[in-house]
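First comes the structure, then the notes that go with it.
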Amino acid sequence: MGKYGCTTFGRACSYEKDEIKHALNGEVLAAWDEDGRHWEKASKKETDKVILGAYDQLFYQAEQLRTSALAMERVYGAITPEDFKKYMRFVEEERRKPSDYKFEYKD
């Protein structure tokens, strides 16, 4: 997510979630420096913009993944059952790796 420069996807999503939490409490990010992030009171219009902007960022990233997967399918075509098993093994390996995103609620 370009908004945060060079960081992990999980950390960028955590930053977005923090901005949403503050927006729900009527605050927006005023500054970010070596001392941390600084918040200020804002109008509903400004806080709505933060919340909807965070949603837009998430959609953008999901759309990048979706179109990338479709392009890969066009390049390589349909995969064989053996390739699909390998793909699923790789997916599970990646999903087991820890993420630096902290979920708010766990069922």
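The set of residues from the range 31-47 being open to solvent by less than 60 Å² (accessible area, probe 1.4 Å) and either over 17 Å from Lys3 (Cα atoms) or at pLDDT 95 or above (or both) comprises Ala42, Ser43, Thr47. I'm checking my understanding of the structure. Among residues of the range 53-107 that are touching a helix residue (DSSP H, G or I) at 6+ places or on another chain (Cβ under 6 Å) and of a type in the set (Gly, Ala, Ser), which one is nearest to Ile20 (Cα to Cα)? Restricting to residues being touching a helix residue (DSSP H, G or I) at 6+ places or on another chain (Cβ under 6 Å) and of a type in the set (Gly, Ala, Ser), the top hit is Ala54.
The sole residue among Leu70, Leu58, Leu24 that is more than 18 Å from the chain's Cα centre (by Cα) and closer than 18 Å to Phe103 by Cβ is Leu24. Based on what the data block shows, is Ile51 closer than 16 Å to Tyr101 by Cα and either in contact with a strand residue (DSSP E or B) (Cβ under 8 Å, 6 or more places away or on another chain) or of a type in the set (A, V, I, L, M, F, W, C) (or both)? Criteria not met by Ile51.
In the set Ala71, Ala54, Ala62, only one residue is open to solvent by less than 90 Å² (accessible area, probe 1.4 Å) and more than 22 Å from Cys13 (Cα to Cα); that residue is Ala71.
Scanning for something aromatic (Phe, Trp, Tyr), assigned to a helix (DSSP H, G or I) and either surrounded by 10 or more Cβ atoms within 10 Å (Cβ to Cβ) or over 14 Å from the mean Cα position of the chain (by Cα) (or both), does the range 91-104 turn up at least one residue? No, the range 91-104 contains no residue that is aromatic (Phe, Trp, Tyr), assigned to a helix (DSSP H, G or I) and either surrounded by 10 or more Cβ atoms within 10 Å (Cβ to Cβ) or over 14 Å from the mean Cα position of the chain (by Cα) (or both).
If we scan the range 63-78, do we find a residue that is charged (D, E, K, R) and in contact with a strand residue (DSSP E or B) (Cβ under 8 Å, 6 or more places away or on another chain)? So that I can check it myself, show each step before the final result.
At the first step, the residues of the range 63-78 found to be charged (D, E, K, R) are 63, 66, 73-74.
From what is left, the residues that are in contact with a strand residue (DSSP E or B) (Cβ under 8 Å, 6 or more places away or on another chain) are none.
For the range 63-78, residues charged (D, E, K, R) and in contact with a strand residue (DSSP E or B) (Cβ under 8 Å, 6 or more places away or on another chain): absent.
Scan the range 22-39 and tell me whether some residue there is in a helix (DSSP H, G or I), touching a helix residue (DSSP H, G or I) at 6+ places or on another chain (Cβ under 7 Å) and touching a residue at least 24 places away in the same chain (Cβ under 8 Å). Yes: one or more hits.
The values are calculated or read from the model by the stated rules, or taken from the named source; none is laboratory data. Quick caveat: nothing in here was measured; it's all calculated off a predicted structure. Positions of Cβ are backbone-derived with ideal geometry, glycine not excepted, and every protein chain shown enters the neighbour counts. The accessibility values were calculated without ligands, DNA or RNA, using every heavy atom of the protein model including side chains. Shrake-Rupley method; radii C 1.70, N 1.55, O 1.52, S 1.80 Å.
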